[in-house]
Every structure is written in C-alpha cells, then in structure tokens.
Amino acid sequence: MTVPVFEEYEPAADCGCAGCAQGRREAVALPVRHGGHPAAHGVRRALVLVTAAGMVLSCGADGAAAAAAGRDTRAGTPADPQPVTPQGSVGPLNSGGTPGPPSTPGTAQRTTTRADIINRAKKWVTAKVPYDMAAYWSDGYRQDCSGFVSMVWNLGSNEWTGSLATFGTKIARADLQPGDILLFHNLADPAVGSHVTVFGGWSDHTHSHYLAYELTRPNARKATTPMAYWSNSSKYVAYRYKGVVGAGSATAFPGAEKFGPGADNAHVTRLGTLLIAQGGKRFYTQGAGPRWSDADKRATQAFQLAQGWKGKEADGLPGPHTWRLLVAGTGKRIPAAGAGGSPSGTEAYPGRSFFAPGRSSAHVQKLGTRLVEKGYGKHYATGPGPDWTEADRRNVEAFQRAQGWSGGAADGYPGPETWRRLFA
C-alpha cells in the first residue's frame with residue numbers, strides 16, 4: 001500500500017489546538033437574529049459555557065494554558081501551546097505489567113516500511129490511547145510521545161527523546177516523507193518542551209503545515225500542525241528511521257551521475273550529512289551542501305579508506321556499497337586526523353589551497369619529499385622545502401603525466417587522487 005504524501009484532514013470538533021479553540025470562540029460570538037425566542041438565548045448561552053468547559057476538560061493542562069494565553073493575543077493570532085509531555089526513561093517493552101528482556105546495545109535494528117509505520121500510528125489514534133507516562137499499552141510500549149514513536153518505528157525497546165535520534169538519520173525538512181519524525185529534545189530540562197511527532201504528509205502546497213501523528217494529552221491523535229510544531233519550532237530536527245525499507249525509503253543508491261564535479265543536488269547534501277555523522281566533520285568548513293566540492297571527495301575517500309578499501313574502491317566517489325554503509329550507519333567511522341586510516345599512515349589530503357604560489361607549509365615539504373622518493377624530483381635545484389615553487393609544480397606535473405593524465409588533470413597542482421597515489 002502506498003502512503004499518500006498529502007492527506008486532507010478536518011480537525012475534530014473538540015480538537016484542543018489553539019487554532020481550533022480560536023475558531024470556536026469566533027463561531028459562538030455570532031449575533032442572534034432579532035425576534036428569537038428568549039429561551040433560545042438561554043440555550044445558546046448554555047452551549048457557549050459547555051463548549052468552554054469542554055475545551056478545558058479535553059485539552060488538559062496544556063490546552064487550558066494555551067486557551068488562557070490566547071486571551072492575551074491579537075484577534076486571529078492564537079497562542080502556541082507548549083507540549084506538556086514528560087516521559088519515561090529508556091527501558092524494555094512491558095506487556096501486562098511484566099517487563100521484557102532489556103534491549104541489547106548494537107542489536108541489528110528491525111526493518112519496517114513507511115506504510116506499516118503510518119498504519120501502526122493510526123491504530124493508536126483509532127484506539128485513542130491515553131497519555132500516561134507511567135502506563136504501557138497492550139503491545140508493551142509506554143504511553144507517552146517517545147513510547148509512541150518507539151511503537152511506530154517497531155523498535156524493540158521503549159526509548160525517550162534523548163535516545164531516539166540514534167535510531168535515525170538526520171535529514172532536511174524538505175526531504176520529509178511519511179514515517180519520518182520531528183524531534184525536539186530539551187537538553188536544559190527534558191521534561192519541559194521535549195516532544196516528538198510522526199510526519200504523516202504535507203497538508204498544503206506551501207509545506208507550511210503537515211499532518212502530525214503524536215501522543216500528547218489527552219490521547220493519541222492526528223492533527224494538522226504548523227511546521228515544525230506550535231512552539232520551539234526552530235529546535236525540531238527531522239530524522240528518518242535507519243531501518244525503513246521499500247519504496248520511498250531513500251536507501252537506494254541514487255546513481256553515480258549524482259556525484260562528482262559539477263553535481264548540484266540534494267543527494268550531495270545527504271552524502272555530506274552522512275559523512276559528517278561518520279566522523280568526517282573536519283573536511284567541511286561550512287557544513288554539507290548540495291554543490292559537489294573537494295571536501296565531499298576527501299571525506300568520501302577517508303570513509304572508504306577506513307573500510308580498508310584501496311584503488312578504485314577508494315577513489316572518493318560514492319558507489320552503491322559506500323552509500324549502503326553510510327545510510328545504514330554500519331560502516332567503520334572515519335578516524336580522527338593523524339589517527340591512521342590513510343595510506344602509509346599519512347594524514348588525509350590537506351586541500352588544494354596549500355599548494356599555490358606564495359603558500360608555505362609542512363604539507364608542501366611533505367609533498368616534495370615524497371616526489372623525490374618516487375623519482376620525480378629532477379626539477380629541484382635545492383630542497384624540497386616548505387615554500388611552494390615552480391619546481392614543485394613541475395615535479396607534480398611529471399608525476400601526473402606518468403599516470404596517463406593530461407590537460408587539467410596534469411596541471412601540476414596536487415588533488416586528492418594525486419595525493420593518494422603518491423603516498424600509496
């Protein structure tokens with residue numbers, strides 16, 4: 001079954017969000033026609049009071065606070081409710097009051113599909129599972145916001161907002177698909193504001209609102225919600241479950257043509273994000289971006305070398321195997337600079353900017369020394385030394401031409417592949 005990315009949703013009449021509360025206030029303020037029976041006025045007043053009381057009773061503490069805050073806002077601008085969702089700690093599933101075996105760190109994650117994630121969310125919504133951080137539903141999952149996500153992702157344990165991120169891969173909000181989550185963990189005070197919702201699809205073409213599945217007071221619900229939430233919106237982070245499989249899982253390799261010089265797309269951004277998560281942060285000065293750069297190639301090569309690959313398997317361009325390990329988060333991490341994992345125990349390629357007229361560094365001297373060792377030092381009259389010279393450029397060019405390269409590939413300035421071959 002295909003999960004729709006757009007779902008029309010009309011909130012229930014007793015929805016406790018501030019927007020619906022404002023709508024009810026405006027609706028009950030409509031004038032009564034002249035000539036109505038006096039009793040009708042009394043009935044209308046009673047309905048208004050019942051509606052107001054129903055708001056407080058159905059929303060709980062957070063709904064009441066939102067309604068109270070709404071009285072101080074401008075007309076038509078409802079206040080943002082703060083989720084009051086304290087939660088339990090990490091623990092095993094608990095069925096019938098009997099805890100199951102504790103989860104084992106490093107255990108392979110269960111796989112699931114997007115359709116199954118949404119269907120499990122709908123079951124709790126249909127059952128109106130009540131919010132209770134000290135209680136467990138019949139399937140063993142804790143009845144709070146993080147227990148709800150543990151259930152929909154089919155985890156083998158009850159997690160909390162401080163641990164759910166380890167089961168997912170951080171993604172851009174623009175890449176959200178049904179079954180992904182939006183997570184805010186308040187490090188300063190986890191009991192205040194921390195919350196997590198399940199993304200069910202965009203509810204408008206501007207992507208300013210989405211259908212959220214969540215467990216909050218009083219019970220599990222689905223509701224059209226502003227991106228990313230009513231409060232602390234900028235602090236919510238989007239994650240995709242690592243174990244999601246099937247159509248739309250975004251685990252399939254997008255193709256070699258999506259990477260390399262000239263590439264500019266979301267797949268390059270995701271590659272950089274995954275590499276940074278695997279220890280490649282030092283290669284990026286400004287974070288991952290959609291335009292392919294030398295940083296992407298160097299970080300990819302470092303990851304490939306960390307797996308023990310050589311030659312074309314470690315050329316700095318991602319293939320299906322590299323992509324699969326990065327997406328699954330199962331490959332060996334990129335070692336820290338100077339910790340090994342690069343050819344001959346050398347540090348990773350330092351970057352093209354070190355090799356240019358007027359530059360001086362230990363990297364230049366290391367390059368020259370290696371050129372001499374390889375038999376490509378005939379252009380040195382003295383040295384080599386730390387200052388970049390024309391002799392360095394000509395020796396590098398000679399080495400590059402010996403590899404069968406020509407044109408821009410043999411310009412005398414070392415790139416990642418020149419560096420790798422020199423020190424291999």
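The values are calculated or read from the model by the stated rules, or taken from the named source; none is laboratory data. Not measured: the values here are computed from a predicted model. Backbone-built Cβ (ideal geometry, glycine too); neighbour counts: all protein chains shown. Please note that ligands, DNA and RNA were not included when accessible areas were found on the heavy atoms of the full protein model with its side chains. Shrake-Rupley method; radii C 1.70, N 1.55, O 1.52, S 1.80 Å.
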* To do: Over all alpha-carbon pairs in region 132-212, figure out the percentage whose distance exceeds 22 Å.
  => 28 percent
* In terms of modelled amide H atoms, which long-range or inter-chain residues lie less than 5 Å from the amide H of residue 216? -> 221
* Asked: With every protein chain present, what is the per residue accessible area of region 226-341 (1.4 Å probe, Å²)?
  -> 46 Å²
* Where does region 166-305 land on Rg/Rh, using Cα atoms and the Kirkwood Rh? -> 1.01
* Asked: In whole Hz, what ³J(HN,Hα) sequence does region 403-419 give by Karplus (6.51, -1.76, 1.60; θ = phi - 60°), x for Gly and Pro?
  -> 7, x, 8, 8, x, x, 6, 10, 8, x, 10, x, x, x, 6, 4, 4
* Nonlocal amide H pairs with residue 201, under 5 Å, H built at 1.01 Å -> 211
* In whole Hz, with x marking every Gly and Pro, tabulate ³J(HN,Hα) for region 220-230 from phi via Karplus 6.51 cos²θ - 1.76 cosθ + 1.60, θ = phi - 60°. => 4, 8, 10, 7, 5, 10, x, 6, 9, 6, 4
* Which cross-chain or sequence-distant (5 or more) residues have an amide H under 5 Å from the amide H of residue 412, H modelled 1.01 Å from N in plane? -> 397
* Asked: Looking at region 367-424, which trypsin sites (Lys or Arg not before Pro) are DSSP coil and have at most 13 other C-beta atoms within 10 Å of their C-beta?
  -> 378
* In sequence order, calculated HN-Hα J values of region 134-149 (Karplus, 6.51, -1.76, 1.60; Hz; x Gly/Pro) -> 9, 10, 10, 6, 4, 8, x, 8, 5, 8, 9, 4, 6, x, 4, 5
* To do: Please work out the C-alpha center-to-center distance from region 183-260 to region 356-373 and express it in whole Å.
  => 48 Å
* Give me Rg over Rh for region 274-424, both radii from the alpha carbons and Rh done the Kirkwood way, two decimal places. => 0.98
